[in-house]
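Down below is the structure, laid out as C-alpha cells.
Throughout, read-outs are computed from the coordinates displayed, never taken from laboratory work. In this text, all values refer to a predicted model and were calculated from it rather than measured experimentally. All Cβ positions, glycine included, derive from the backbone under ideal geometry; neighbour counts span all protein chains shown.
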C-alpha cells in the first residue's frame, strides 16, 4: 500500500510535468527493478551469517572433542569443521547409507531434537580401540552388535555432553542423547521439507578419518535465530572473558600476603638510656591500656583495635575501619 500516491502527491507530480521539471520520456527509459527468483520448496531461512556463527560454535566444539576423546580412546584425535550449508531434511536423509549411526539429541529448553550422524568407520574404530585393539575399522561394513552399540552409546554420550559449553553464549542448553538409530529408514525424525543447517566435522582418530554431520532443524533454532550472529557472539565472549579475568585477578589479590602491624604506643628516650637497657627494664609509652591502638596495613593506617590475647598469643580486636577521608 506504500506505492499508492495520495491526491496531493498526484497534483504535485502533474504540476512538475507541466512546468518541465520532470521529463516523461526519461521516466519511461528508467531501468526496471530486477526480480529475484525464489524457490518456495527451499526457503532461505539460514543466512550466511547464521551458518558462519554455527561454524564458530562447532569449531569450539571440535576443540573440546580433540581434548576429551583421547581420554577414552587413548589415541590422538583431530577435529576440523569442513563445511556448513542449509538443505532440506530429505536431502540429508536420502544421502544416508546402511548401516548408519544416528544419535537423536534432545536440546532442552529448545523444541525438537538435533541429529548427529557419525561415520560407521569411526564407530568401528572407536569400538576396536575401547576393546584394546589398534583402532582399525572393519574391511567390510556390517550391522553393529548390541555390545558394540553400548560402547558407541558411551562415546556418543560424551560427545553430546560436550555440546553444552559451545552454546553457552547463545542459549543455556541441557543436551541428552535419547537414542541411537542404525537404519536409515527409521531416520524420519523431521518433516522431509523442513530446512536444516548441516554442519560437517572431519574427525581423525589416529590414522582413521571420517565425518560427523550435525543436523540442526530450523524449528529447533528458531527461538534463538536472532542470537546466531557474530556480533552478538563476540560481544558475549568479551563480556564473559572480562568477568572471568576480573574474578581471576580478585582471586590472586585475595591470596597475596600483606604485613599488618598494631602499634601499642610510642616513647622517646635518650641514646644513653637506650644503650643501657637491660632485661626487665620498663619503657613508659604515651598510650593508656584501655586506649584503642592503630593498626597499619603496610604503611597505611587502616584499623583501630583493642589489645588482648587469643590463647597463649597476644592479639588485637578490630573496633573500626578507617576510611580514606580519615
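Could you state, as a whole-number percent, how many of the C-alpha pairs of region 103-192 are farther apart than 22 Å? Don't skip to the end; give the middle numbers.
Numbers: 1396 of 4005 pairs.
That tail contains 35 percent of the Cα-Cα pairs.
Given N residues in region 260-321, what is its alpha carbon radius of gyration divided by 2.2 N^0.38 Å?
Working it through for region 260-321, the quotient is 1.32.
Taking packing as the residue-averaged number of other Cβ atoms within 10 angstrom, the listed peptides 137-147, 160-170 run from highest to lowest as 160-170, 137-147. Stretching the chain fully between residue 258 and residue 15 yields a gain of 78.9 nm (0.36 nm per residue, less the alpha carbon separation). Computed across region 52-168, the Kirkwood hydrodynamic radius from all distinct Cα-Cα pairs reaches 15.6 Å.
Rounded to a whole number, what is D in µm²/s for region 48-243 from Stokes-Einstein with the Kirkwood radius over alpha-carbon pairs (20 °C, 1.002 mPa s)? Could you put the intermediate results ahead of the total?
On the way: Rh = 17.2 Å.
In µm²/s, the coefficient is 124.
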